[in-house]
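Just below is one structure, and these are the notes that go with it.
The values are calculated or read from the model by the stated rules, or taken from the named source; none is laboratory data. Only a predicted model underlies this, so the values are computations on that prediction, with no experimental measurement involved. Cβ placement follows ideal geometry from the backbone for every residue including glycine, while neighbour counts extend to all protein chains displayed. The area values use the complete protein model at the heavy-atom level, side chains included, leaving out ligands, DNA and RNA. Shrake-Rupley method; radii C 1.70, N 1.55, O 1.52, S 1.80 Å.
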Amino acid sequence: MKTKTLKNILSLFYPRLCIGCGEALQQHEEHLCLHCRMHLPETNFHQHADNPLIYIFAGRVRVQEVASLLYYKKGNAVQHILHALKYSGKKELGAFLGEYYGKQLVKEPRFQSVDYIIPIPLHPKKQRKRGYNQSEWIAKGLSAGMGKPYRTDVLARAQFTETQTRKSRFSRWENVKEVFVATGDETVQGKHLLVCDDVLTTGATMEAAISQLQTIPGVTISVVTLATAQG
């Protein structure tokens with residue numbers, strides 16, 4: 001009772017705010033208010049194998065499934081969510097949305113064969129500066145929602161790269177094509193790997209990661225992100 005009372009008092013002076021709209025959260029709400037949660041622009045791409053995202057990788061790398069939870073565009077609530085997750089220290093938001101999405105993914109037979117969830121790694125220098133890897137927190141959430149383990153020892157980032165913002169697809173590919181190294185051992189050979197990240201735009205970063213993972217014998221690779229710019 002004392003803890004609940006203390007929380008109520010603190011909320012008067014330090015109100016918890018919705019990351020989507022900035023309004024005060026109710027006691028039972030977490031990260032997002034009910035209105036923002038109900039109006040999130042969900043893609044439902046995980047329900048359809050032949051969705052627009054699969055064509056991002058066509059003729060480049062082999063992927064089994066590709067899906068994103070939300071549509072992203074400049075100025076919408078998803079932009080605020082991604083910014084908070086990546087730059088404002090709201091790492092728990094990644095786990096929150098990852099778990100929410102994982103519970104949807106695991107209902108689809110095409111995702112039930114996933115063996116391991118693999119987050120896109122940050123370079124150690126960038127991770128030290130940020131304090132965490134947002135993709136790893138997404139992977140934690142997906143793991144909880146799907147009941148599948150996540151692993152950070154399968155893919156490493158060997159080179160530090162410039163930010164991808166405002167780069168063309170070719171420039172993005174040139175920026176990341178040799179930055180990843182597959183580090184997985186024989187325990188991932190022949191497995192279905194679900195690679196996750198925060199947002200999918202041109203697909204250059206994901207393509208570079210998949211190219212390396214495909215050097216592991218017999219793997220099948222699928223991709224999920226929290227958001228995509230593809231509408």
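Things to note:
- 31 Å Cα-Cα threshold exceeded, pairs from Lys91/Lys148; Lys74/Lys191; Lys103/Lys125; Lys74/Lys148; Lys73/Lys126; Lys103/Lys191: Lys74/Lys191; Lys103/Lys125; Lys74/Lys148
- Between the alpha-carbon centres of the range 181-211 and the range 88-108 there is a gap of 18 Å.
- If the segment from Leu34 to His83 were pulled out straight at 0.36 nm per residue, it would be longer than the present Cα-Cα gap by 15.7 nm.
- Taking the charge dipole of the range 1-142 about its Cα centre, with +1 at Lys and Arg Cβ atoms and -1 at Asp and Glu Cβ atoms, the residue from Ile138, Ala67, Ile54 reaching farthest to the positive side is Ile138.
- Solvent accessible area, Å² - Thr220, 1.4 Å probe, full protein context: 50
- Charged-residue dipole, Cβ positions (Lys, Arg, Asp, Glu), the range 1-146 about Cα centre, Debye nearest 20: 700
- Ranked order, Ile54, Ile120 - accessible area, probe 1.4 Å, largest first: Ile54, Ile120
- Distance between the pseudo-spin-label points of Glu186 and Ala158 (7 Å out from Cα toward the beta carbon): 2.3 nm.
- Taking label positions 7 Å along the Cα-Cβ direction at both Arg110 and Glu42, the computed distance is 1.7 nm, reported to one decimal.
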